[in-house]
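Scroll down for the structure; my scribbles are underneath it.
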Amino acid sequence: MNYWLVKSEPESYSWDDLQSKGEDIWDGIRNYQARNYLKEMRVGDQVLFYHSGKAKEIVGVAKVSMEAFPDPNDKEQKDWMAVKLVPSKSLPKPLNLEQIKSDDLLSGMILLKQSRLSVMPLEKPQFEHIIKITS
DNA sequence: GCCAACGTTGGC
DNA sequence: GCCAACGTTGGC
């Protein structure tokens, strides 16, 4: 079991969008590092959903329901990949960026170091800690 | 292979 | 709206 965090601007694709779909494709990733992480995802892996932009908070947990396959919108044929996600639960108390920064266990998160990366791995203790403090 | 110019993302 | 941090592109 691996743990991940994905980012999205809620104006273009929000947690609510994923919830209303039930299962949806996670595509459009055009960054090699993020793409490589997508390839490492396995069915059942846990995925935190972060809203960037105005919201800046972790709002939900999803699970990987389909492993990496070629992004259907990859017009350049550059080996871009997509996965599928299923929402599993909304966080009763979303965790905002400020809280993440000030939390000793979370201050090492890639989210804070590589602000532009949209798919990143997470340590198990970090994931469990986040679930605990947001429930 | 280096580097300047440019575009994008995301926080402030 | 601005700027920092990156990634990409193209000239040399």
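Here are the numbers for the structure shown:
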quantity: Any pair with Cβ under 7 angstrom, 6 or more apart, that starts in the range A:51-66 at a residue that is of a type outside the set (V, I, T) and ends at one that is within 16 Å of DNA strand C (Cβ to nearest atom) and assigned to a strand (DSSP E or B); calculated: A:S52/A:K7; A:E57/A:H51
quantity: Scope the range A:60-80; condition in a strand (DSSP E or B) and open to solvent by 20 Å² or more (accessible area, probe 1.4 Å); matching residues; calculated: A:K63, A:S65, A:M66, A:E67, A:A68, A:F69, A:P70
quantity: Candidates A:K84, A:K63, A:K56, A:K78 - the one that is out of contact with any helix residue (DSSP H, G or I) (no Cβ under 8 Å at 6 or more places or on another chain) and within 16 Å of DNA strand C (Cβ to nearest atom); calculated: A:K78
quantity: Strands (runs of 3 or more DSSP E) wholly inside the range A:1-55 containing at least 1 residues that are out of contact with any Asp or Glu (no Cβ under 9 Å at 6 or more places or on another chain), open to solvent by less than 50 Å² (accessible area, probe 1.4 Å) and away from DNA strand B (no atom under 16 Å from the Cβ); calculated: A:46-51
quantity: Residue that is under 27 Å from A:N36 (Cβ atoms) and in contact (Cβ under 8 Å) with a residue 60 or more places away in the chain, where the choices are A:S107, A:S88, A:S118; calculated: A:S118
quantity: Test result for A:N73, touching an Asp or Glu at 6+ places or on another chain (Cβ under 7 Å), more than 16 Å from A:V6 (Cα to Cα) and touching a residue at least 40 places away in the same chain (Cβ under 8 Å); calculated: yes
quantity: Number of positions in the range A:89-135 that are surrounded by 14 or more Cβ atoms within 10 Å (Cβ to Cβ) and assigned to a strand (DSSP E or B); calculated: 9
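The values are calculated or read from the model by the stated rules, or taken from the named source; none is laboratory data. Everything numeric here is computed off the predicted structure, so don't read it as measured data. Positions of Cβ are backbone-derived with ideal geometry, glycine not excepted, and every protein chain shown enters the neighbour counts. These area figures cover heavy atoms from the full protein model, side chains too; ligands, DNA and RNA do not enter into them. Shrake-Rupley method; radii C 1.70, N 1.55, O 1.52, S 1.80 Å.
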